[in-house]
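Worksheet: the structure to be examined is printed underneath.
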Amino acid sequence: ALSERGSLYILAEGDFDGDGHREAFVSLHPNDMIAYNANEDYCIYLFLYGGGYTILNKAEVSIDYFEHYVLDSYAHLFSLKEYLLAHNESTDVYTVVDSRAVKLASTGPSFSRIDNSNQFYISTGFIYSDYRPMGGATHKRYWLFWDGGLLREYGGLRVSEDQLRRFAYGRTVLDALKDEGHIINEIYYRGNGVINVNYSRIENDGTVLWEHKNLLYRNGEVTDIPVDWGYNSNFDNSEEKYGYGHYNASYHSATSSHWGQSAMDVVYPSAFP
């Protein structure tokens, strides 16, 4: 029996898909942790069904975090995060259909809800080594939304400097970056109002540093992006150096291309405001 392998803990239980049957996500803490992982916080996650709790799906992996997001009575999302290496975590996102756990996406280190809405952000990570002794890592956020049937990504529409300069704070940001010796590269606008400004700087030794700044268009104005929507370049996180590095790794692209969804699941804005 499953219970003979370890202790079972119910993480979330209910009729998640409205089919009249109760389902549950359950973690198994193995009796023999050495056979799985020496860290006893790691556990095996399973999706169980109904009165007898017959196993439908199981993931033979170590999981660090489990999150349950209730979008409406019969729309639930669940994220299971696995720690792999520093800055290289993996998160799987599930929903429940016909009493089965259906995997929607695999993302990078983060999958988090924004303002209790139907919007989420994911965080992609990339480890690199450069001329600094310890090397580093870049982190970029991309934004998704739940449309009632699946997760879709807000794709980026390429816009020009002139378009961003129509807004007072857009001019301020672009002028400040240029005054500091940066080159403005791609600028993307997304349907949730996020604006990604990619920029770079050539150092005296010829090294190119790539960075980004995130803004938000809302209510007819461009402002800094809220902290819980996404961090910016290393100027805003100088101690951690997020979004700062070589190999174009800290640039935003039109889509994340990291989380296992097809181009059909990306929605682009028709125009910049």
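Would you mind counting up the charge near His21? Only other residues with Cβ under 15 Å from its Cβ, with Lys and Arg at +1 and Asp and Glu at -1. For residues surrounding His21, the net value is -4. A protection proxy built from the mean count of other Cβ atoms within 10 Å ranks the segments 172-183, 70-81, most packed first, as 70-81, 172-183. Taking all protein chains as shown and a probe of 1.4 angstrom, Ile202 keeps an accessible surface of around 110 Å².
Peptides 94-102, 113-121 ranked from most to least packed, by the mean per-residue count of other Cβ atoms within 10 Å: 94-102, 113-121. Take 184-192, 163-171 and order them by the average number of nearby Cβ atoms within 10 Å per residue, most first; the result is 184-192, 163-171.
The values are calculated or read from the model by the stated rules, or taken from the named source; none is laboratory data. Quick caveat: nothing in here was measured; it's all calculated off a predicted structure. Cβ sites come from the backbone with ideal geometry, for glycine too, and all protein chains shown count toward neighbours. When the accessible area is computed, the model is the full protein with side chains, heavy atoms only, and any ligands, DNA or RNA have been set aside. Shrake-Rupley method; radii C 1.70, N 1.55, O 1.52, S 1.80 Å.
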